[in-house]
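Beneath this line is the structure, given in structure tokens, with notes to follow.
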Amino acid sequence: MNFRCAIFDLDGVLVDTAKYHYLAWKELARQLGFEFLPEQNERLKGVSRMTSLNILLETGGLQNRFSEEEKERMAAKKNARYIEYVSQMEESELLAGAKELLQQLKTRGIKTALGSASKNAPLILNNVGIAPLFDVIVDGNRISTAKPNPEVFTLGADMLRIPYSSCLVFEDSEAGLQAAKRAGMYAIGIGNEKNLPSADIVYPCLKEFETDRYFPVKQD
Ligand code: B16
Ligand code: MG
């Protein structure tokens, strides 16, 4: 195996922002009169902001109660609260092995891309100090379709002019892994094998990833 490009999901792979999404959604749920539980938050991982809101309303039995304008206002309110949390993030919140792997890939001449559904990705990457380690950043502001549609990954590869078969994707969500496979890319699952059936292989975290196996050091 000899790949030319590594594409990273953000939440759940490089940082744990799911906990801040959860706190912000939980506050909105309280204002709407119901409790939002941690296990219900699992369904929001990897999906877009408006899809997350629809799932939240469904768990509270409030689906089809609000107009699109009202939902836009609720999503904006949740996002303002989420931004308050992620604005406080710093390098110590990077997940184990994330920065080391990105640096190692750069020294090996491998292109790096972000492929995240989050519209807040640039703010988070800047706060945790890894924005300069990416050649291209594809986030929720640049795409029109959500995972499992492969657009978030194919756009990055197209910008770098690298064939999809030479790209390797790191993802913690099943929808994201399906997106990688649909693009014809190699899919590395990060997390628990039983939740990630579409992965080509699963590692518990980036620290356990076997860099030499996929990105061997070139001999002169
Ligand atoms: P925002 P990822 C995703 O990030 C999160 O996993 C998901 O929970 C969130 O709803 C989505 O970003 C949109 O985030 O509201 O900040 O635009 O896993 O694709 O990096
Ligand atoms: Mg994710």
(request) For ILE55, tell me the accessible area in Å² from a 1.4 Å probe, rounded to the nearest 10. (result) 20
(request) Report the one residue of LEU62, SER144, ALA187 whose Cα lies farthest in the direction of the positive end of the charge dipole of the chain (charges on C-beta: Lys and Arg +1, Asp and Glu -1; origin at the Cα centre). (result) SER144
(request) Assuming a ≥ b ≥ c are the square roots of the Cα gyration tensor eigenvalues, decide whether the chain counts as rounded (a/c under 1.5), prolate (otherwise, with a/b larger than b/c) or oblate. (result) prolate
(message) Let's see if you can work this out: charge +1 on each Lys and Arg Cβ, -1 on each Asp and Glu Cβ, no other charges. What is the dipole magnitude of the chain about its Cα centre, in debye to the nearest 20?
(response) 360
(request) Keeping the other protein chains in place, figure out the carbon and sulfur percent of the accessible area of the chain, with a 1.4 Å probe. (result) 47
(request) Sequence neighbours fewer than 8 away in the same chain don't count; with that in mind, list the aspartates and glutamates whose C-alpha is under 13 Å from LYS77. (result) GLU27, GLU69
(message) Can you compute 3J(HN,Hα) from phi for each residue in region 178-195, using the Karplus curve 6.51 cos²θ - 1.76 cosθ + 1.60 with θ = phi - 60°, rounded to whole Hz and x for Gly and Pro?
(response) 5, 4, 4, 5, 4, 7, x, 9, 7, 10, 9, x, 10, x, 9, 3, 5, 8
(message) Based on DSSP loop calls and a cut-off of at most 13 other Cβ atoms within 10 Å, the longest stretch of the chain free of exposed GluC sites (Glu not before Pro) is what?
(response) 91-209
(request) Let me have the 222 nm mean residue ellipticity of the chain computed from DSSP H runs of 4+ only, each contributing -39500 (n - 2.57), with the sum over all residues rounded to the nearest 500. (result) -12000 deg cm²/dmol
(request) Just check region 69-136 against the gyration tensor rule for me: Cα atoms, a ≥ b ≥ c as the square roots of the eigenvalues, rounded for a/c under 1.5, and otherwise prolate or oblate depending on whether a/b exceeds b/c. (result) prolate
(request) Relative to the longest principal axis of the C-alpha atoms of the chain, give the angle of the C-alpha long axis of helix 49-59, reported between 0 and 90° and rounded to the nearest 10°. (result) 50
(message) How much accessible area per residue does the chain have, counting only protein heavy atoms and a probe of 1.4 Å, in square angstrom?
(response) 48
(message) At 1.4 Å probe size, put PHE66, PHE215 in order of accessible surface, largest to smallest.
(response) PHE66, PHE215
(request) Name the long-range amide H neighbours of ILE137: under 5 Å, sequence gap of 5 or more, or other chain; modelled H, no Pro or chain starts. (result) LEU114
(message) Please list, ordered by chain and number, the residues whose modelled amide H lies under 5 Å from the amide H of VAL202; skip anything fewer than 5 residues away on the same chain.
(response) GLY189
(request) Kindly write out, for region 200-213 in residue order, the coupling ³J(HN,Hα) from the Karplus curve 6.51 cos²θ - 1.76 cosθ + 1.60 (θ = phi - 60°), rounded to whole Hz, with x marking Gly and Pro. (result) 5, 7, 10, 10, x, 7, 4, 4, 8, 5, 8, 3, 4, 5
(request) Under a cut-off of 30 Å between alpha-carbon atoms, report the lysines in cross-link reach of LYS71, not counting same-chain residues fewer than 8 places apart. (result) LYS19, LYS26, LYS45, LYS119, LYS147
(request) Give a residue-ordered list of calculated ³J(HN,Hα) values for region 96-110 (Karplus: 6.51 cos²θ - 1.76 cosθ + 1.60, θ = phi - 60°; whole Hz; x for Gly, Pro). (result) 3, x, 5, 5, 4, 5, 4, 5, 4, 5, 4, 5, 8, x, 8
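The values are calculated or read from the model by the stated rules, or taken from the named source; none is laboratory data. Keep in mind it's a predicted model, so treat the numbers as computed, not measured. Note: ideal-geometry Cβ built from the backbone for every residue, glycine included; neighbour counts use all protein chains shown. We work out accessible area using only protein heavy atoms, side chains counted, and drop any ligands, DNA or RNA first. Shrake-Rupley method; radii C 1.70, N 1.55, O 1.52, S 1.80 Å.
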